[in-house]
Structures are given as C-alpha cells and as structure tokens.
1. Kindly provide the trypsin sites (Lys or Arg not before Pro) of the range 42-94 that DSSP labels as loop, not H, G, I, E or B, and whose Cβ sees at most 12 other Cβ atoms within 10 Å.
2. Only loop residues by DSSP count here, and only those with at most 16 other Cβ atoms within 10 Å; note down the GluC sites (Glu not before Pro) in the range 120-186 that meet that.
3. Which of 83, 149 has the fewest other C-beta atoms within 10 Å, and how do the rest follow up to the most?
4. I need the phi-derived Karplus couplings for the range 161-172: 6.51 cos²θ - 1.76 cosθ + 1.60, θ = phi - 60°, integer Hz, Gly and Pro marked x.
5. Could you name the lysines whose alpha carbon sits less than 22 Å from that of residue 46, not counting residues in the same chain fewer than 8 places away?
6. Report the extension gain between residue 29 and residue 126 in nm, rounded to one decimal, defined as 0.36 nm multiplied by the number of residues separating them, less their alpha carbon distance.
7. Simple spin-label model, 7 Å along Cα-to-Cβ: residue 153 to residue 60 in nm?
8. Give the aspartates and glutamates whose C-alpha is closer than 16 Å to that of residue 165, dropping any in the same chain fewer than 8 places away, or say none.
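Just so it is clear, none of the values below were taken in a lab; they were calculated from the coordinates. Keep in mind it's a predicted model, so treat the numbers as computed, not measured. Positions of Cβ are generated from backbone atoms using ideal geometry, with glycine treated the same way; all protein chains shown enter the neighbour counts.
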Amino acid sequence: MPQQQLILALLFLGYLTTTVTAHPFHISQTEMEFNAASQRIEVSLKLHAVDLEQALSRLAGRKVDVEQRDVVPLLSRYLQANFYIIDSRELPTPEAPAGQRTSPTSAPRRSQLHYVGHELEATWCWIYFELELPLGEQRDLSLVNTVLFNTTEHQLNIVSVRSAKQRFTLKMTDKQRWSPYRPEWCRGL
C-alpha cells in the first residue's frame, strides 16, 4: 500500500508542476494601423514565444527556435496562412480551406504579407509585418486571424485597429475566426 501512495503522490506532484509551469491563458494581441504613404496596413502581433515555437515546429515537422535567423521564411509562411484579409466569398470553411477558389476561373483575392521583423521580450514574441490589401473593390473583405488556433486550446486573438481618431477592437476565437473588413480602417490617419 505505501508504494501505491508514493506513486499517487508523485503523479499529483507532477500534475502540480506542469500546471504551474504552463501559462494559464492563450492570447495574442495585435495592433493594426493603415499607412497612407505605403498603402499598407502595418501590423504588430504579440504572442507567447512558446506557443509560436510550438506552431512553427508543427508546421516544419521539427523543433523550431524563434531566436534563430532561419525561422523567418517559416514565420512568414505561417503568418500568410493564418493572418490575412480576403474576399469574403473566399472565407475558410471546414469544407474549403483558406483561399480555396470558389470556381475554376476565380483567383482568391487575398492580402500579401510583407515581413518586417520580430523580437523577443521576456516570454513574449513581437512580430512586425505589413499587409498589402487585395486589388479591386474593397467593400466585401474580411480579416482572418487564426494564429495559434491549431496548437492551443481556447486561443483568443484580440485585434485593435487604429484609424484617425477611432479605435476598433475585434475578438477572434476558434468559433469566430474572422471579422468583416471596414473601409474606415484605412481612412485619414
């Protein structure tokens, strides 16, 4: 009987240690602001470095360290797939992955990502990039933010859009992965 109690005590201690070392919430914070000179949306994305490394490792099929220089192409690819503005008719669904064409002749209208840089701040990683809006009519677009949804449970992505004297705050979850694009996001700064 004492051996079983010891095993149970060790298992419980292991559980407590895991709970203490893992961060209790999964959140990303994003700031977006339109730059009239470049006609691009400047983005600053803040998230837990550990969560980002887990997502990139899953994508690469190997252990990834965000402090290494060779992570930039992988990071750009991950962001292009998980943070973008797209024609609302092209929104991802369980049946049709992101950017899949709705007909053989239509090309997806989607923003282009331009990586600027990233830096570590304690346990957080800041990523800086720009989004070039899709060409053509900009009335029926949506912002998609699925960053870390495939790697962390209950991920919450908060996006703050600054425009002139207004501020818009959006919340993306696994159940609500996108938000309609609002033309006033790109008005006079």
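1. Of the trypsin sites (Lys or Arg not before Pro), the ones in loops of the range 42-94 whose Cβ has at most 12 other Cβ atoms within 10 Å are 62, 63.
2. Those that pass, being in a loop and sparsely packed, are 137, 153.
3. The fewest-first ordering by Cβ neighbours comes to 149, 83.
4. So the J values, rounded to whole Hz, are 10, 9, 8, 6, 9, 10, 9, 10, 10, 10, 10, 10.
5. Within reach: 63, 171, 175.
6. Details: separation 97, 0.36 × 97 = 34.92 nm, distance 0.95 nm.
34.0 nm is the gain from fully extending residue 29 to residue 126.
7. Simple spin-label model gives 2.7 nm for this pair.
8. 31, 33, 184
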